[in-house]
Structures are given as structure tokens and as C-alpha cells.
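Derivation of every value follows stated rules applied to the coordinates shown; laboratory data play no part. This one's a predicted model, so the numbers in the text were calculated from it and none came from an experiment. Here the Cβ is made from the backbone with ideal geometry for all residues, glycine too, and neighbour counts use every protein chain on show.
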């Protein structure tokens, strides 16, 4: 019998019943989110609302009290251990500081030519080591390698932070392009970046996720001013 994990053409990742607490204080209280091939899912929320924690619980690098992750109906404990399944861009720097940009791209299976097609300015950075880059360039590179890495699902945690506005717009175009053959989830507290590119939108509030069907609901839930 064929394995549904690899034979469903419209890949779907669903995470539900997510609970996480610190010293008895709930951070995530029953969060639910899904990603599917051909779609961009946005997760809005104020700073400290638990967005990053929830993504880490789903990815498997943060131990949740409870977190059920399914890919095409198959339960997937610790998704990060499954090759080719899920890439995650954290908010913190994660690339070794002494490798070159060219090496970083190679390590993630990303084509230099594809990167330069979208960001030609990075040509001058290819042989620099990561620690020699400006903070904005390092963040841009990190977002690019995670987004272009050959994975079926991609989680981006505030990918636009500290990036030049011109590069933000190009990165948004690349996210939409990449979503044609993978599922993408993006967190951010800047709703103006997410609304134009997301097919599905959630708001995280008081540790729970709320499915937003109309932008006006962001006002009703107190996220945006009336």
C-alpha cells in the first residue's frame, strides 16, 4: 500500500492541541494552525503572544506539554527529524559565523544562481564569512536559505525584521513564488506585510489561535485600532 505521507499531491500539515507553559504560566493554550502546498498561512500577534513558541513546538525543538502534528493525516512527532519535510527560520542567528555565504547556500542545497536571480546585490557577499555581513544582510540571507531549501513546508518567524524595504518586497514576491510547490507559514507583528500575500490568516491572542476570515475581524479582536 502506498504511503500517504509521500503520495498526496496536495501536501497538508496540521498542528493542533498545542499547549506550552513556563512555571505554570500558560504561553500557548490549545493553538491550532495548518499549512498546505500552494498556500501561504499567516500568524499575526503582538510581541510576546506566543507565536515563536508555537512554531518551535510544532517544529519539535521545544518540548510542549501537548502538540499533535499531522502530515497528510500521518502523525509526525518531532518533524525536524524527518529529512526534507520542514525548514524553520528562527528569529535568532543560526548559521555558523565562520562559513562563507557560498558555503551556507551549498549546505542548505540552495542554488547560487537562483539567489542572484532575485537578489543580485548578494554577488558581492558570496565569499564573505557570515560574521562579516551586516545584521540586515545576514537576516536576509537566513530567510533566503530557509525559504529556498528543498523542503515540503517552511516556517518563517518574522522574516522581514531588520531587512531593507526594497529587499522586503522582493522577499515577499519570492515567498509567493515558492508557495506554489510548498506550504509556508509566516509569523509577524506587521500585518501590512502579511495581508497581501497570505491565503489563510490566524491571530494569536491569549495563547489561542483565531482564524481570521475578514481583516475587519482584526479590529473586533483588538489587534488593530477601530
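Ranking of 189, 221 by neighbouring Cβ atoms within 10 Å, starting from the fewest: 221, 189. Rg over Rh for the range 163-226 works out to 0.99, both radii taken from alpha-carbon positions and Rh defined as the Kirkwood radius.
Length gained on full extension, residue 124 to residue 190: 20.8 nm, using 0.36 nm per residue less the C-alpha separation. When 112, 40 are sorted by how many other C-beta atoms sit within 10 angstrom of their C-beta, beginning with the fewest, the order is 112, 40. Nearest 10 degrees, 0 to 90: what angle lies between the long axis of helix 135-148 and the longest principal axis of the chain (Cα atoms)? Tilt relative to the chain: about 70 degrees. Sorted ascending by nearby beta carbons within 10 Å, beginning with the fewest, 16, 117 become 117, 16.
When the chain is fully extended, how far beyond the present Cα-Cα distance does residue 176 get from residue 131, taking 0.36 nm per residue of separation? Show your work: numbers first, answer last.
Working: separation 45, 0.36 × 45 = 16.20 nm, distance 2.94 nm.
So the chain would gain 13.3 nm between residue 176 and residue 131.
Per residue, the average separation of C-alpha pairs within less than 8 Å and at least 6 apart gives the chain a relative contact order of 29 percent.
The packing ranking, built from the mean of other Cβ atoms within 10 Å per residue, places the peptides 128-136, 166-174, 64-72 in the order 64-72, 166-174, 128-136, highest first. Taking the Cα atoms only, what angle lies between the long axis of helix 165-178 and the longest principal axis of the chain, rounded to 10 degrees? Result, in degrees: 70. Note on the chain: GNM, Cα springs under 10 Å; of 82, 181, 193, the largest mean-square fluctuation is that of 82. Compared with the alpha-carbon gap, the fully stretched path from residue 62 to residue 22 is longer by 13.2 nm at 0.36 nm per residue. Nearest 5 percent is fine: what portion of the DSSP beta bridges confined to the chain is antiparallel? That works out to approximately 55 percent antiparallel. If you run the Gaussian network model on the chain, springs between alpha carbon atoms under 10 Å, then out of 182, 192, 37 the most flexible one is 192.
Could you work out the helix-only [θ] at 222 nm for the chain, with each DSSP H run of four or more residues adding -39,500 (n - 2.57) and the total divided by the number of residues, to the nearest 500 deg cm²/dmol? After summing the helix terms and dividing by residue count, I get -7500 deg cm²/dmol. With the biggest extent put first, the Cα atoms of the chain measure 54, 46, 36 Å across the principal axes. Simple spin-label estimate for residue 117 and residue 81 gives 3.6 nm between the two label positions (7 Å along the Cα-to-Cβ direction from each Cα). log₁₀ I(q)/I(0) of the range 85-209 at q = 0.17 Å⁻¹, via Debye over equal Cα point scatterers, no solvent, to two decimals? Here log10 of I(q) over I(0) equals -0.86.
Taking the chain as a Gaussian network of alpha-carbon nodes connected by springs under 10 Å, the highest mean-square fluctuation of the residues 144, 99, 163 belongs to 99.
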